[in-house]
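FYI, it's all coordinate maths here, none of it is from the lab. Keep in mind the model is a prediction, meaning the values are calculated, not measured. No Cβ is skipped: glycine too gets one built from the backbone with ideal geometry, and neighbour counts run over all protein chains shown.
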Amino acid sequence: MKNHILLMILVMTLMAGLMGCSLNTPAPPPYPVQIIQLRDSLAASEEYWPGFEVSTIPLIVYYHDQTWLMSRPAPTDEWKAVEGIGDAYTIDGRYPQLEENSNINLAGSLTTTLLIQDTDSDSLRGHAALAISQAFRGHSHEHYPQWEPYEENLFLYPVTDKALLKWQMLEGKGLKGALKAMADGEKDEVLKWMSYAVAARDSFNTQAPEFAYEYVRQTELQEGLPYYIEVKARNLDPLMMYHNTMWFDPKDTRRRAQVTGAAIAFLLDEYFPEWKATLSRRAADNPDMNDLLRSAVNRSGGLLAQLPADLISEYNQRAGARIRRFKTLRDNMLYEWDKEEGYRIILDATMYPMIAIGFDLYNIRHLEDNKLFHDHWLKLTNNHGVVEIQDQPMMTWPAGDHPLYTGIERLEITGLSYPPELEEKGDSLILRWTGGEMRLINALLEEMDGTISVKLEMPVQ
């Protein structure tokens, strides 16, 4: 009995000690605060770019139906100070300017924005790295405006040109081979694969239309360098950038250029250490990272080898197969979309084309006759009103020569499970359905056999 009593006393003492420890252990700060703390810690440990001081850039995080503003005073009274945390403010709901992970101008200050849905054990460093990457995107926008591509050219890019795809696939093989050899410590192999990449890029530059060449090279800078910084901040193996087979998909022009720019940056870190300062000095001259890659090979004692003929032949066949598969999948996708059961909405804006003021570049497919297929988000407007659709496949027809920037004359959505809700008042019309809404005036609506047609045919006074 005595031993039992002693054992109980010991157990109770241990429990009390554990409870005391738990009571004395401070709770971790809110997740958005953890993000900015880690962001600044990572930035303090490494200079990601000359003159880029991420800790001076405010951060907005939308998380759990609350918007956090950190690292700057509140611009208006609607922001409420967070007790016990300096320079941290919140408002309920999502701040109106927040639409994506990006940067906004908040009361005259460049401010990075993050929209966070879920978290897991690997999320914190990823979100902190993304905050650094997005901040650098804003930094480069302010300091290197020459790097910004004309996004309208993305929709004109010849995605089914077999020769161009062949050279870009060979470029990717060269860069991937160089990164792998660098990880294995095989310098001669690194220089060989780098020289292959240079040769493929030279051939692409010679054969591509000037607008396509300019778009790709500027995207390597504007998108590739922030991606390089994100991968670096997350301490990931650069080879992971090539794990996704979408790399070779003909339509992934922007994503391909992003990965290419990042891959070249990692190689330059090793074989041209002062490349960042060099690129910054040449920023006004619209630089091509191929010049730096060529210099890296030359200064490291490598020879600029030509691509082997058998490798060119192999990738010519691969490019052709990729394009055939791409066209088949595209045609099948369009057939299934058009035949999908359910309600259909058609907007006819032929007389009064609508202007696209919001869209997701990563989720748009260029079709024949300059039609576009949107997978994610589209927002249109004109004097008649606003149309916004999210997370729903849709097709648009152009009003002019450009697929998007000269206006949209027709929009079509299929496969709605339920009829849209209609609200009419005077000359205004509101049409709502899951994922979309139309707010229009002077529009004519007709319904027949599950198809709702909305036509803009009267002028707005």
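Brief remarks on what is shown
- Computed helical MRE - 222 nm, the chain, DSSP H runs ≥ 4 contributing -39500 (n - 2.57), nearest 500: -14000 deg cm²/dmol
- Considering only Asn101, Ser313, Leu380, the residue lying farthest towards the positive end of the dipole of the chain is Ser313, judged by Cα position with unit charges set on Cβ.
- Kirkwood-based shape ratio for the range 341-456, expressed as Rg/Rh from alpha carbons: 0.94
- Burial order of peptide ranges 157-170, 385-398 (average beta-carbon count within 10 Å, highest first): 157-170, 385-398
- Separation of the Asp269 and His143 label points, Cα + 7 Å toward Cβ, nm: 1.8 nm
- Taking a point 7 Å from the Cα of Glu341 along the Cα-to-Cβ direction, the residues of the range 403-438 with backbone N closer than 18 Å to it are 414-420.
- Simple spin-label estimate for Ile441 and Met351 in nanometres, 7 Å along Cα-Cβ: 1.7 nm
- Sorting the segments 272-284, 226-238, 330-342 by their residues' average number of neighbouring beta-carbon atoms within 10 angstrom, most packed first, yields 226-238, 272-284, 330-342.
- Length available on full extension from Arg325 to Asp449: 0.36 nm per residue minus the Cα-Cα distance, which gives 41.1 nm.
- Remark: relative contact order (the range 297-412) = 22 percent; criterion is Cα-Cα distance under 8 angstrom and separation of 6 or more residues.
- With only Cα atoms counted, the chain has Rg and Dmax values of 27.0, 96 Å.
- Near Arg281, once Lys and Arg are set to +1 and Asp and Glu to -1 for all other residues with Cβ below 13 Å from its Cβ, the sum equals -1.
- Protection-proxy order for peptides 345-353, 307-315, each taking the mean of Cβ atoms within 10 Å per residue, highest first: 345-353, 307-315
- Put in order of Cβ neighbour count within 10 Å, fewest first, the listed residues Val454, Val82 become Val82, Val454.
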